């Protein structure tokens, strides 16, 4: 998978509110593998996995919740 394709997948997840469910029967195998590699690199978090679908979310940046608070 190309870098631009992975960037497009991450953008789709962001556009979906930061979390997206991908049906296994509707995705090609290379997409599922690339999403799993992104999870292993810390770019995605696994939310749920079943025989039919997998759900990933983009993790909050470190300190993201504290940013903007106080001041």
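Read-outs: derived from the displayed coordinates by stated rules, not from any lab. Everything numeric here is computed off the predicted structure, so don't read it as measured data.
A few points about this structure:
- Over the chain: helical MRE at 222 nm, DSSP H runs n ≥ 4 each giving -39500 (n - 2.57), nearest 500: -11000 deg cm²/dmol
- Segment residue 3..residue 24, full-extension length gain: 5.4 nm, with 0.36 nm per residue of separation and the alpha-carbon distance subtracted.
- Whole-number percent relative contact order across the chain, with pairs defined as alpha carbons under 8 Å at least 6 apart: 32 percent
- In the set [x] 35.8, 94; [y] 11.2, 31; [z] 13.6, 49, the label that goes with Rg and Dmax of the Cα atoms in Å computed for this structure is [z].
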